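Chemist: Before anything else, here's the structure in question.
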Amino acid sequence: MSKDRSEPAPIPATEPNPTQQPATSSRADMEAFLGRVGALDPTVKAGERGRLIFALDATMSRQPTWDQACRLQAEMFREAAMVGGVDLQLVYYRGLAECRASGWVAEPERFGELMSRIDCRGGQTQIVKVLAHARRESDKAKSGGAKIGALVFVGDAMEESLDALCAGAGELGMRGVPAFTFQEGYDPVCEQAFREIARLTRGAYCRFAPGAAEELRELLRAVAAYASGGMTALADLQARRSSGAVRLLEQLK
């Protein structure tokens, strides 16, 4: 069983952290995202538990979505449990320099407790640190740990060097860890960065409307299924959906 620490530990600051509204995200954007997920190779072998890093921007603008995420993460566990299970690791940043990661957690209740203790605080983005942490976790897997199935990142801003982010994403991509970047809102600078991270890691990007809990729930459940069982799990997920959800996932046929 996975172990977790009582409090998320600080992530080492090994990399520097430098410091018009487009159209609303469409259903086609979400379908394209899920189609990209469906095109990826399975991340785990049959009978294995998946491992998923769930990273969140916890700066002040994220408070409403953080509250949603505290509820929606349970959906990820439930979806993965139907396939074979998933261990989640919570990563978050807030303030000017705080970036922390929990241990690997196998129980939905425990993960929810960790998230409920965290409050959002003003500060700048630290996405470079998140990517570097995911890279280190992947390197640990080479020495006997379980493979990292995916990195999920949810945020609404980017205030760092795009070149630094691309370098970090490229290293993660070389390790075979796809990043699924979910953007809340319409910041074009953020969109450019999130799209590049997804591209360089061979992951996928999707934007969702502020406060759109249902959209985020569908996306998180799909990625959890993928991390736990690849395309087979996604096909099974599609078979269990409402008519609206089936349309959302029809590209995965």
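Chemist: Pulled fully out, how much extra length does the chain show between Arg136 and Glu98, if you take 0.36 nm times their separation in residues and subtract their Cα-Cα distance?
Modeler: 11.9 nm
Chemist: Roll a 1.4 angstrom probe over the protein heavy atoms and tell me the percent of accessible area of the range 113-222 that is carbon or sulfur.
Modeler: 49
Chemist: Also: On full extension of the chain, what length is gained from Arg117 through Asp67, given 0.36 nm per residue of separation minus the C-alpha to C-alpha distance?
Modeler: In short, 16.9 nm is gained.
Chemist: Does the range 102-180 classify as rounded, prolate or oblate by the C-alpha gyration tensor (a ≥ b ≥ c root eigenvalues; a/c under 1.5 gives rounded; else a/b over b/c gives prolate, otherwise oblate)?
Modeler: oblate
Chemist: Hey, what's the range 105-166 come to in accessible area per residue, 1.4 Å probe, Å²?
Modeler: That works out to 37 Å² for each residue.
The values are calculated or read from the model by the stated rules, or taken from the named source; none is laboratory data. All values reported here derive from a predicted model rather than from experimental measurement. In case anyone asks, the SASA skips ligands and DNA or RNA and just uses the protein heavy atoms, side chains included. Shrake-Rupley method; radii C 1.70, N 1.55, O 1.52, S 1.80 Å.
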